[in-house]
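Comments concern the structure below.
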């Protein structure tokens, strides 16, 4: 999901988990099996640009939560 949000490839390297390369669309392009020793060698394309999530982040969610909080307070004060 992080690769899709940012619109960039994700490189994940771990000591005992899954080592993988994920493209900007969330598809795993290369990986090593879990709990096996190995070296992953691959080419990764460079990307320019930003996704809408990278530009505005979670601002819409925060605005919605703030609006709901205000509505809850207004409802509480009316009673």
I'm trying to understand the selection: among the residues of segment 32-79, which are at positive phi and within 22 Å of the chain's Cα centre (by Cα)?
49, 57
Taking helices (runs of 4 or more DSSP H) that fall entirely within the chain, which contain at least 1 residues that are out of contact with any strand residue (DSSP E or B) (no Cβ under 7 Å at 6 or more places or on another chain), surrounded by fewer than 10 Cβ atoms within 10 Å (Cβ to Cβ) and modelled with pLDDT under 90?
52-56
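The values are calculated or read from the model by the stated rules, or taken from the named source; none is laboratory data. Since the model is a prediction, treat every value here as computed from it, not as a measurement. In this analysis, Cβ positions are derived from the backbone assuming ideal geometry, glycine residues included, and neighbour counts consider all displayed protein chains.
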